[in-house]
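The values are calculated or read from the model by the stated rules, or taken from the named source; none is laboratory data. Note that the structure is a prediction, hence the values are computed from the model and not measured. Cβ placement follows ideal geometry from the backbone for every residue including glycine, while neighbour counts extend to all protein chains displayed. The area values use the complete protein model at the heavy-atom level, side chains included, leaving out ligands, DNA and RNA. Shrake-Rupley method; radii C 1.70, N 1.55, O 1.52, S 1.80 Å.
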Amino acid sequence: MAKWLKKGAEAEVIKSADRQVRETVEKILADIEARGDAAVRELAIKFDKMDRDSYRLTTAEIEACYSQLSKRDLDDIKFAQTQVRNFAQHQRNSITDIEVETLPGVILGHKNLPMNAAGCYVPGGKYPLLASAHMSVLTAKVAGVPRIVTAAPPFNGKPAPAIVVAQHMAGADEIYCLGGIQAIGAMAIGTQTIDPVDILVGPGNAFVAEAKRQLFGRVGIDLFAGPTETLVIADESVDGELCATDLLGQAEHGPDSPAILLTTSEKLARETMAEVERLLKILPTADIARKAWDSFGEVIVADSDEEMLKIANDLAFEHVQVMTKDPDWFLKNMRNYGALFLGPRTNVAYGDKAIGTNHTLPTKKAARYTGGLWVGKFLKTCTYQKVLTDEASALVGSYCSRLCGLEGFAGHGEQANIRVRRYGHRDVPYGGIDE
């Protein structure tokens with residue numbers, strides 16, 4: 001039976017924080033609904049410390065951002081975007097329209113149609129997370145979305161050059177320097193100067209995630225996302241330094257980011273805990289990572305790979321890094337995860353920044369029912385049907401009529417009956433047919 005050498009925060013503490021966020025978001029969204037641009041401006045002044053007549057960046061401002069980056073910076077962004085675009089294109093190529101003749105004269109099909117407008121949020125208040133621009137804007141672009149709107153908060157009081165350049169290089173049509181709830185609300189609800197979008201995507205803090213949750217239904221969203229989660233599954237084939245580095249590398253996202261080591265080796269578990277303490281003395285982001293590790297870090301020692309598998313599937317974490325003798329065994333058997341990182345040569349940071357898979361992934365056990373952001377999130381699979389012969393219409397109509405009778409839907413039944421009378425048996429009375 002597994003044992004916990006370290007446990008994280010109690011569930012009630014987390015629920016209490018969620019309630020406070022929920023109430024704040026509800027009030028702010030109502031204000032944006034009522035007052036539009038005026039509310040957005042007040043919120044931007046209060047939270048982003050930025051006062052502008054328009055928060056949409058001009059061409060001159062975008063060009064100025066390019067001038068602040070070196071050629072190496074631009075080449076690095078281009079490399080990452082090429083990888084993301086390539087993988088997204090392979091995903092898009094795997095999604096096909098279909099048209100089949102399911103009965104003689106009956107044609108059924110579906111088309112995969114891009115949404116008209118996507119709103120892509122790029123977090124950047126604490127760190128300028130330009131990678132999120134690749135993940136959302138490029139993926140929407142490959143899907144064929146004709147209007148892509150982006151929003152990112154200012155960094156150190158002004159638009160973050162790297163984020164702006166990444167958004168522009170990825171193909172954003174409108175770029176706004178707005179953060180938090182005001183950005184999400186403006187894109188989803190719309191204002192006097194910002195047209196609303198059809199879907200909101202991209203990660204963010206607890207307030208951004210809650211705003212997306214409350215707006216779901218009014219617009220689509222990519223997924224319900226919370227703080228970054230990392231699960232490292234390891235055995236004695238790796239060492240404590242590697243495990244600790246990969247745990248803290250994600251814990252630095254925020255003070256509420258869970259990081260868990262799951263292992264069959266108590267020796268590795270204790271080595272990893274010691275390495276975490278050593279690294280926290282030298283890591284530049286230790287202030288944040290320490291809070292996350294102290295409050296939400298866990299170390300679990302299991303008896304077998306099978307027990308680790310069960311625990312991992314129960315956790316259903318966003319990032320799952322597998323560093324065991326046979327990582328492919330977990331690829332074959334795991335069912336609940338946002339993304340898998342298999343073997344010691346890869347890691348979550350590769351997926352976050354440059355390797356090509358999307359880093360917007362499900363958290364808070366949402367991996368039980370959804371994967372992460374991908375090209376398919378921007379597509380609507382819409383069906384159609386054609387009936388080409390009299391015989392086919394009469395055949396389907398006879399079954400439809402009787403089934404409508406079972407349900408008591410007379411009007412539905414008559415839709416079938418009129419076609420059976422016209423295209424099949426002429427003597428079918430109103431109200432149903434008999435063989």
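The rows are residues; the columns are (1) among the polar types (S, T, N, Q); (2) part of a strand (DSSP E or B); (3) open to solvent by 90 Å² or more (accessible area, probe 1.4 Å); (4) within 30 Å of Gly297 (Cβ to Cβ).
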position: Glu23; (1), (2), (3), (4): no, no, yes, yes
position: Leu69; (1), (2), (3), (4): no, no, no, no
position: Arg72; (1), (2), (3), (4): no, no, yes, no
position: Asp76; (1), (2), (3), (4): no, no, no, no
position: Glu99; (1), (2), (3), (4): no, yes, yes, no
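Does at least one position in segment 166-178 carry a residue that is in a helix (DSSP H, G or I), over 13 Å from Phe224 (Cα atoms) and touching a His at 6+ places or on another chain (Cβ under 7 Å)?
yes
For Thr245, work out the one condition from (1) of a type outside the set (Phe, Trp, Tyr); (2) closer than 30 Å to Phe330 by Cβ; (3) open to solvent by less than 30 Å² (accessible area, probe 1.4 Å) it doesn't fulfil.
(3)
Considering segment 169-181 alone, what residues qualify as being crowded, with 24+ Cβ neighbours inside 10 Å and at negative phi?
If the condition is that a residue be crowded, with 24+ Cβ neighbours inside 10 Å and at negative phi, then Ala170, Ala172, Ile175, Tyr176, Cys177, Leu178, Gly179, Ile181 are the ones that fit.
Residues to consider are Val208, Val232; find the one that is assigned by the TED database to the domain that holds Gly179, touching a strand residue (DSSP E or B) at 6+ places or on another chain (Cβ under 7 Å) and outside any loop (DSSP other than H, G, I, E, B).
Only one candidate passes the filter, namely Val208.
So is Asp51 within 19 Å of Phe378 (Cα to Cα), open to solvent by 60 Å² or more (accessible area, probe 1.4 Å), of a type in the set (Asp, Glu) and without any contact (Cβ under 8 Å) to a residue 40 or more places away in the chain or not?
So Asp51 fails the test.
So if I check each of Leu215, Leu200, Leu231, which one is closer than 21 Å to Arg22 by Cβ, at pLDDT 95 or above and buried (at least 23 other Cβ atoms within 10 Å of the Cβ)?
Sole residue among the options that is closer than 21 Å to Arg22 by Cβ, at pLDDT 95 or above and buried (at least 23 other Cβ atoms within 10 Å of the Cβ): Leu200.
If I filter segment 135-145 for residues that are open to solvent by less than 20 Å² (accessible area, probe 1.4 Å), in a loop (DSSP other than H, G, I, E, B) and out of contact with any Asp or Glu (no Cβ under 7 Å at 6 or more places or on another chain), do I get at least one hit?
Yes - at least one qualifying residue is present in segment 135-145.
Tell me whether segment 399-418 contains one or more residues that are farther than 30 Å from Val320 by Cα, free of Cβ contacts under 8 Å to residues at least 12 places away in the same chain and part of a loop (DSSP other than H, G, I, E, B).
Yes: segment 399-418 contains one or more residues that are farther than 30 Å from Val320 by Cα, free of Cβ contacts under 8 Å to residues at least 12 places away in the same chain and part of a loop (DSSP other than H, G, I, E, B).
Out of all the residues in segment 256-306, which are out of contact with any helix residue (DSSP H, G or I) (no Cβ under 6 Å at 6 or more places or on another chain) and among the β-branched types (Val, Ile, Thr)?
Answer for segment 256-306, where residues must be out of contact with any helix residue (DSSP H, G or I) (no Cβ under 6 Å at 6 or more places or on another chain) and among the β-branched types (Val, Ile, Thr): Ile260, Thr264, Ile282, Thr285, Ile288, Ile300.
Go through segment 146-168 and count every residue that is open to solvent by 50 Å² or more (accessible area, probe 1.4 Å) and either on the phi < 0 side of the Ramachandran plot or in contact with a strand residue (DSSP E or B) (Cβ under 7 Å, 6 or more places away or on another chain) (or both).
4
When you look at Phe317, is it of a type in the set (Phe, Trp, Tyr) and either surrounded by 22 or more Cβ atoms within 10 Å (Cβ to Cβ) or assigned to a strand (DSSP E or B) (or both), yes or no?
In short, yes.
Just to be sure, is Lys325 among the charged types (D, E, K, R), open to solvent by 60 Å² or more (accessible area, probe 1.4 Å) and within 30 Å of His134 (Cβ to Cβ)?
no
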